[in-house]
1. Would you be able to tell me the number of residues in the stretch 157-171 that are of a type outside the set (Asp, Glu) and surrounded by 15 or more Cβ atoms within 10 Å (Cβ to Cβ)?
2. Assuming Ile193 fulfils every condition listed in (1) touching an Asp or Glu at 6+ places or on another chain (Cβ under 7 Å); (2) of a type in the set (A, V, I, L, M, F, W, C); (3) under 17 Å from Ala114 (Cβ atoms) apart from one, which condition is it?
3. Could you grab me the full set of residues in the stretch 157-174 that are closer than 19 Å to Pro227 by Cβ and in contact with a strand residue (DSSP E or B) (Cβ under 9 Å, 6 or more places away or on another chain)?
4. Of all helices (runs of 4 or more DSSP H) completely enclosed by the stretch 28-134, which ones contain at least 1 residues that are closer than 23 Å to Leu16 by Cα?
5. Considering each of Ser94, Ser43, Ser109, Ser48 in turn, give the residue that is modelled with pLDDT under 90, under 30 Å from Thr220 (Cβ atoms) and not assigned by TED's automatic domain parsing to the domain that holds Cys182.
6. Which count do you get for residues in the stretch 215-238 that are in contact with a helix residue (DSSP H, G or I) (Cβ under 6 Å, 6 or more places away or on another chain) and among the hydrophobic types (A, V, I, L, M, F, W, C)?
7. Being among the charged types (D, E, K, R), in a helix (DSSP H, G or I), in contact with a helix residue (DSSP H, G or I) (Cβ under 6 Å, 6 or more places away or on another chain) and more than 22 Å from Arg118 (Cα to Cα) is the requirement here; does Arg138 meet it?
8. One residue is enough: does the stretch 121-138 have a residue meeting the conditions without any contact (Cβ under 8 Å) to a residue 40 or more places away in the chain, closer than 22 Å to Phe225 by Cβ and either assigned by TED's automatic domain parsing to the domain that holds Gly200 or of a type in the set (Ser, Thr, Tyr) (or both)?
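The values are calculated or read from the model by the stated rules, or taken from the named source; none is laboratory data. Nothing here was measured: the structure is a model prediction, and the numbers come from that model. Reconstructed Cβ throughout: ideal geometry from the backbone, glycine too, with neighbour counts over all protein chains shown.
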Amino acid sequence: MGYSDERVMLAVCGRLKISIEEYKQHLQREELRCNICKQWKNSVEFVSCKRRPRGITSICNRCNVKHVQEYAENNREMVSKKIHDRYFADVENSRRRTRERNERYRKNSPEKRAASVRKYLDKPGVQQKHKQGLSEWRAENPDKYAMQRLLRRVAYESIDFDENQLMELRLHYVPDGKCMCCHEEKRLQIDHIFPVAHGGKTTLENLQFLCQGCNFKKHTKTIDFRPDGGEFVRFLKEQK
């Protein structure tokens, strides 16, 4: 890494207004100077570019992100049109890449995704917008909606508990009204540990209490947040 030509090195040091010794120290630490923020940073903090000789640009990642955001803000319509055209130029591959990217994000950043979902749901008007979008989706996809209702109906045909048992279950697992996943005090929903989409039934041993954000985050995965693994459920059934 660095310049082998002594004259070039002198020119670079003159432009940067530093001594040759100081410049060599930066090279030994594998540091480069960002052309925007004028700070010396490790080479791994710079934007990758295969076309450059060293494989990186002279702009650090932070400055590059800021520049991209400013450009997108000042050229919103043009950027939106480019994204739209590129997406629909090859719709199938674009959708496949989007699904893969979303799957990686859900797998690698579950806590960050749950926080963003909760933040989005807390915005004013989001609940109404969600209900309206859900109604439109049901109208446009009657077959899928009918299949979902069928799965739900089959799941609820297997109910093996009464209201008192459900109340005892809630008081045991969430006496303080906190979500069993994020442990925050929010409005709770009944979640199927083994999801209905995979054949889960509405039985006492298949229920837990999650907030809406954590329920969305769990999606169709099988995750048991009960600290005792369902021991209390077995106790309730014995009492019955």
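1. Start the filter on the stretch 157-171 by keeping residues that are of a type outside the set (Asp, Glu), which leaves 158-159, 161, 164-167, 169-171.
Subsequent filtering for residues that are surrounded by 15 or more Cβ atoms within 10 Å (Cβ to Cβ) retains 161, 165-166, 169-170.
The number of residues fulfilling the criteria is 5.
2. All conditions are met except number (3).
3. Those that are closer than 19 Å to Pro227 by Cβ and in contact with a strand residue (DSSP E or B) (Cβ under 9 Å, 6 or more places away or on another chain): Leu166, Leu169, Arg170, Tyr173, Val174.
4. Numbers: elements: 61-74, 76-89, 91-108, 110-121.
Counting at least 1 such residues, we get 61-74.
5. Working: Ser94 fails: modelled with pLDDT under 90; Ser43 fails: under 30 Å from Thr220 (Cβ atoms); Ser48 fails: under 30 Å from Thr220 (Cβ atoms).
Sole residue among the options that is modelled with pLDDT under 90, under 30 Å from Thr220 (Cβ atoms) and not assigned by TED's automatic domain parsing to the domain that holds Cys182: Ser109.
6. Restricting attention to the stretch 215-238, the residues satisfying the condition of being in contact with a helix residue (DSSP H, G or I) (Cβ under 6 Å, 6 or more places away or on another chain) are 216-217, 220, 230, 232-233, 236.
From what's left, among the hydrophobic types (A, V, I, L, M, F, W, C): 216, 232-233, 236.
Counting residues in the stretch 215-238 that are in contact with a helix residue (DSSP H, G or I) (Cβ under 6 Å, 6 or more places away or on another chain) and among the hydrophobic types (A, V, I, L, M, F, W, C) gives 4.
7. On the way: among the charged types (D, E, K, R): yes; in a helix (DSSP H, G or I): yes; in contact with a helix residue (DSSP H, G or I) (Cβ under 6 Å, 6 or more places away or on another chain): yes; more than 22 Å from Arg118 (Cα to Cα): yes.
Spelling it out, Arg138 is indeed among the charged types (D, E, K, R), in a helix (DSSP H, G or I), in contact with a helix residue (DSSP H, G or I) (Cβ under 6 Å, 6 or more places away or on another chain) and more than 22 Å from Arg118 (Cα to Cα).
8. For the stretch 121-138, residues without any contact (Cβ under 8 Å) to a residue 40 or more places away in the chain, closer than 22 Å to Phe225 by Cβ and either assigned by TED's automatic domain parsing to the domain that holds Gly200 or of a type in the set (Ser, Thr, Tyr) (or both): absent.
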